[in-house]
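Heads up, the thing below is written out as structure tokens.
The values are calculated or read from the model by the stated rules, or taken from the named source; none is laboratory data. What you see is a predicted model; the values in this text were computed from it and never measured. Using ideal geometry, Cβ is built from the backbone for each residue, glycine included, and neighbour counts are taken over all protein chains shown.
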Amino acid sequence: MEDVLRIGTRASDLAMAQARQVALALSEAGYRTEIVPMVTKGDQILDRALDQISGKGLFTTELETALFDGRVDVAVHSLKDLPTQPVPGLMVAAYALAEDGRDVLVADGGTVLAKLPAGAPIGTSSLRRTAFLRSLRPDLEVVPVRGNLKTRLAKWQAREVFGLVLAAAGIHRLGLQQVIAEYLSPHEFVPSPGQGILAVETRADDSAAGALAARLDDAGLRLRAVVERTVLATLGGGCQIPLGVWAEVRGGEIAVTARVMALDGQRGIVVTDRAGAEAAERLGMRVGRQLLAAGAERFITGVSQP
């Protein structure tokens, strides 16, 4: 690591905002930083839904390559974009700077999901959100909408869709809370595993960068990340399967809700469980196995490759 910590990030407005949060936290601790933006495969391919693009790490591979090449010292990811299988030679040094992990409805003020007019076109880029929307409101038209956050918001502002379902975290980080019509219950509209958490990744052999990044690590977030991502890993899925997992750390206990749905929204499985914080990984495995025992595999097979 050089005297200046080089922070790799996607070049989108949201990813840059996330990287600036990491840079600010480190600069406040007395360290010099430089942000190095780059474009990933997932940013380049916008004419297809995410589940139709082959390959893993659509939003992370280029950043991880830059780590291996020594062009950056750390990489900042949205945790939900990071594959569950670790890359040999790399490690997540910090689970950091969480924002609100819930999904939200973006629509005109006063509108809520339950009161949307029948047939209203609602945009999303997520199979999980598609399945949950069809479960809760089968009378709506779910429309695929790709692009960065501001591009998707522009489609709503141009009235190409009646509303959008997005992650609260991205909207908060860009300071656009005024577009949120409703925060969706995480126990019903269960968020993506790791949603709202930033993962700060380093090379395993770069002890200096790892030690700096570890200053940002949040023990509670790490527990939540372990549980939620272990459920996902146990199901053998990538980030584009219709699965939501929500873990809450309260004192020494973790409570988890996991929900997997068929894409048509007509069938689904919900598992709730809890355990002590010391058993976070075992809890995630147990919930994943309960989902599989209840038949979750039929909802995810063929949807996304592990």
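Within segment 266-291, which residues are touching a Leu at 6+ places or on another chain (Cβ under 7 Å) and closer than 12 Å to L243 by Cα?
First, the residues of segment 266-291 that are touching a Leu at 6+ places or on another chain (Cβ under 7 Å): 269, 271, 273, 275, 277, 280, 288, 291.
If the condition is that a residue be touching a Leu at 6+ places or on another chain (Cβ under 7 Å) and closer than 12 Å to L243 by Cα, then I269, V271, G288, L291 are the ones that fit.
If the condition is being of a type in the set (D, E, K, R) and either under 25 Å from L79 (Cβ atoms) or in contact with a strand residue (DSSP E or B) (Cβ under 7 Å, 6 or more places away or on another chain) (or both), then segment 118-170 contributes R128, R129, R134, E141, R146, K150, R152, K155.
Taken over segment 103-135, the criterion of being closer than 17 Å to Q177 by Cα and assigned to a loop (DSSP other than H, G, I, E, B) is satisfied by A107, D108, G109, G110, T111, V112. Any chance you could count how many residues in segment 87-107 are over 15 Å from L166 (Cβ atoms) and either among the small types (G, A, S) or more than 21 Å from the chain's Cα centre (by Cα) (or both)? Count: 6. When you check E28 against the structure, is it surrounded by fewer than 19 Cβ atoms within 10 Å (Cβ to Cβ), out of contact with any Phe, Trp or Tyr (no Cβ under 9 Å at 6 or more places or on another chain), at pLDDT 95 or above and assigned by TED's automatic domain parsing to the domain that holds G210, yes or no? In short, no.
Applying the condition of being surrounded by 21 or more Cβ atoms within 10 Å (Cβ to Cβ) and of a type in the set (D, E) to segment 61-80 and asking which residue is modelled with the highest pLDDT yields D73.
What pairs come out if I take residues in segment 179-207 that are on the phi > 0 side of the Ramachandran plot and pair them with residues that are of a type in the set (G, A, S) whose C-beta lies under 8 Å away, six or more apart or interchain? Within 8 Å, the pairs are G194/S78; G194/A225; G196/A98; G196/G101; G196/A167; G196/A168; G196/A169. The sole residue among D205, D218, D139 that is acidic (D, E), at pLDDT 95 or above and under 20 Å from R102 (Cα atoms) is D218. Please specify each residue of segment 136-178 satisfying the condition of being part of a helix (DSSP H, G or I) and crowded, with 20+ Cβ neighbours inside 10 Å. Passing the criteria: L149, R152, L153, W156, A168, A169, G170, I171, R173.
Does Q177 count as farther than 29 Å from A29 by Cβ, polar (S, T, N, Q) and in the same structural domain as A114 (by TED's automatic domain parsing)?
No; evaluated as a whole, the condition is false for this residue.
Sub-6 Å Cβ pairs linking a first residue in segment 72-89 that is free of Cβ contacts under 8 Å to residues at least 40 places away in the same chain to a second residue that is in a helix (DSSP H, G or I) and surrounded by fewer than 24 Cβ atoms within 10 Å (Cβ to Cβ), at least 6 apart or interchain, are V87/E64, ordered by first then second residue.
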